[in-house]
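One structure below.
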Amino acid sequence: MGSKKLRRTGVSADICERLKRHQVETCQDVLSVTPVELMRLAGLSYPAALDLLRLVSKACVPAVSTAWDLWRKKGELCFSTSLPALDRLLQGGLPHGALTEVTGPSGCGKTQLCIMLSVLATLPRTMGGLDSGVIYIDTESAFSAERLIEMAQARFPEFFSAKERLLEMASRVHLFRELTCQDVLNRLERLEEDIIACRAGLLILDSVASVVRKEFDTSLPGNLTYRSNLLGQEAAVLKYLSQEFCIPVVLTNQITTHVGEKVHCPQWNQADVPAEEDSGFVTAALGNTWSHSVNTRLIVQYEDTERRQIVIAKSPVAPFAVLSYTIQREGIRLEGNASPESVLNQGTDPGLQPIRVRTGFIYNLSQATPSTC
Ligand SMILES: Nc1ncnc2c1ncn2[C@@H]1O[C@H](COP(=O)(O)OP(=O)(O)OP(=O)(O)O)[C@@H](O)[C@H]1O
C-alpha cells in the first residue's frame, strides 16, 4: 500500500507537484521523511506537515475487513475461468486481490489461457465476465489480436455474432509490450492511472520470467541478488495493485530444469522412478522468493501430443488436483467429465506429489523446493 501514488490520496495537486520535484511521489516516500524535512520539501508549516503525514498514513493503511465481509462478497471476489471443474475447485475461479501464476513448458498454452481470460473479463457480468477492461503486459511479443478475435467468436458465437461487440471487446484489451526488466518494472510502477483509465478488472503479465531470464546470468556474482531484488519489487507492486483495485492478477512463468539433483521425497517409492528420471526435475522458474510471492499456482504440462494438464499446485482454497485439457479454436477446453472429485485424493501429500511429464522429468510441486535458477 506504500506504493500508492500521492495524487490518489487527496493531497492537493500543488503539494504533489512540489514534492515530485524532490522525487517524493508515493505514500512510502512521504512516510520515509521526518516532519521537519517535509516542511522544507513541501514548503509547509509544522502543523500542516503533520496533517499531511496523517492524511497520507490514513490513505495507505490497508482496510480491515472481517471474515463475514469476505464471506458475503464470496461470489464477487472470484473471476470465473469458464472452466467449470477448475472454478469449482478454486471455489469460484481466480481470486481477486491476489496473484495467480500459470507456469509450464513452452507451447503448453499459457498465452492461450491469458488470451481466453482477456475475452472473459470483457463479457457482461450476466455471462460470468467482469464487464471491464484488461491490461495485458506482453514481454514476449506473443499476444495475437487475431487469436483474441478467433477465440471470442468460437467460444461465444452468438454473443459475438454482432461485429460491434467484437470491436468493443477488442478495444477493451489494452496491450503494453515491454521487452526489458526495467521497462516492465517502470510500467508496473505507472500502472495505477492506466488501471483507472482503462477501467481494468484484470491484469495479465505474460511472462514474468522471459525478460528476467534473458537479462540475468545467475552464475555471475551479484546477479542473483540483483534479480531477487527486482522480482521482489515487481511482486510488491503487483500485490499492491491487485489489492488496491481488488482485481485478479495473472502471471505466466516458465519452468526450469535441475539436472543432476536428486529430489528427496520420502513418500515416493524409488522403484517407481525410472532411471532416466532419477537425475533431474523441473520446477517453476525464478526461485524461492518469487515462488512464495504468488498466491495460487497452476502448472500446465503435456500429457501427450494432443492433451495437456492443468495442475492446481498451490492454492489457499483448493486441494491438489489435475484436470486434462486441449487447446481448440475457442481456447482451453477441459476434457471428459473432469469433475473435481475424480481428480482429488491422488496422493497423501499434495505438496510432494510427483507428476510424470513427457520429458521424463518430474515436477516437484513442493513449495519448499530449493530453486536457484
Ligand atoms: N487456433 C488454434 N487452435 C488450436 N490450438 C492452437 C491455436 N493457436 C494456438 N494453438 C496451440 O497453442 C500452442 C501455443 O500455446 P501458447 O502460445 O499459449 O504457449 P505458451 O505456453 O505461452 O508458450 P511459451 O512459454 O513459449 O510462450 C500451440 O502449440 C498450439 O498447439
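Part of a loop (DSSP other than H, G, I, E, B), at pLDDT below 60 and surrounded by 12 or more Cβ atoms within 10 Å (Cβ to Cβ) - does that describe any residue in the stretch 286-294?
Pass one, the stretch 286-294, residues part of a loop (DSSP other than H, G, I, E, B): 286, 294.
From what is left, the residues that are at pLDDT below 60 are none.
No, the stretch 286-294 contains no residue that is part of a loop (DSSP other than H, G, I, E, B), at pLDDT below 60 and surrounded by 12 or more Cβ atoms within 10 Å (Cβ to Cβ).
Confirm whether Ile115 is in contact with a strand residue (DSSP E or B) (Cβ under 9 Å, 6 or more places away or on another chain), touching a residue at least 24 places away in the same chain (Cβ under 8 Å), in a helix (DSSP H, G or I) and buried (at least 21 other Cβ atoms within 10 Å of the Cβ).
Details: in contact with a strand residue (DSSP E or B) (Cβ under 9 Å, 6 or more places away or on another chain): yes; touching a residue at least 24 places away in the same chain (Cβ under 8 Å): yes; in a helix (DSSP H, G or I): yes; buried (at least 21 other Cβ atoms within 10 Å of the Cβ): yes.
It is true that Ile115 is in contact with a strand residue (DSSP E or B) (Cβ under 9 Å, 6 or more places away or on another chain), touching a residue at least 24 places away in the same chain (Cβ under 8 Å), in a helix (DSSP H, G or I) and buried (at least 21 other Cβ atoms within 10 Å of the Cβ).
Quick one: in the stretch 118-127, which of the residues that are more than 16 Å from the ligand (Cβ to nearest atom) and part of a helix (DSSP H, G or I) is farthest from the chain's Cα centre (by Cα)?
Restricting attention to the stretch 118-127, the residues satisfying the condition of being more than 16 Å from the ligand (Cβ to nearest atom) are 121-127.
If we keep only those that are part of a helix (DSSP H, G or I) as well, we get 121-122, 125-127.
Numbers: Ala121: 15, Thr122: 18, Arg125: 22, Thr126: 25, Met127: 23 Å.
Restricting to residues being more than 16 Å from the ligand (Cβ to nearest atom) and part of a helix (DSSP H, G or I), the top hit is Thr126.
So how many residues does the stretch 128-146 have that are at pLDDT below 95 and more than 16 Å from the ligand (Cβ to nearest atom)?
Going through the stretch 128-146 one residue at a time, the tally reaches 1.
For the stretch 64-105: of the residues being surrounded by fewer than 18 Cβ atoms within 10 Å (Cβ to Cβ) and of a type in the set (Asp, Glu), which is farthest from Val250 (Cα to Cα)?
Once the filter is applied, the top-ranked residue is Asp69.
Within the stretch 1-58, can you find the residues that are farther than 21 Å from Glu192 by Cα and of a type in the set (Asp, Glu)?
Glu37, Asp51 - these are the residues of the stretch 1-58 that are farther than 21 Å from Glu192 by Cα and of a type in the set (Asp, Glu).
Please work out if Lys74 is more than 16 Å from the ligand (Cβ to nearest atom), in the same structural domain as Trp290 (by TED's automatic domain parsing) and not aliphatic (A, V, I, L, M).
Working: more than 16 Å from the ligand (Cβ to nearest atom): yes; in the same structural domain as Trp290 (by TED's automatic domain parsing): yes; not aliphatic (A, V, I, L, M): yes.
Spelling it out, Lys74 is indeed more than 16 Å from the ligand (Cβ to nearest atom), in the same structural domain as Trp290 (by TED's automatic domain parsing) and not aliphatic (A, V, I, L, M).
Take the residues in the stretch 147-192 that are under 22 Å from the mean Cα position of the chain (by Cα) and acidic (Asp, Glu), then tell me which one is farthest from the ligand (Cβ to nearest atom).
Glu192
The values are calculated or read from the model by the stated rules, or taken from the named source; none is laboratory data. These figures come from a predicted structure and were not determined experimentally. Note that we place each Cβ from the backbone using ideal geometry, even for glycine, and neighbour counts take in every protein chain shown.
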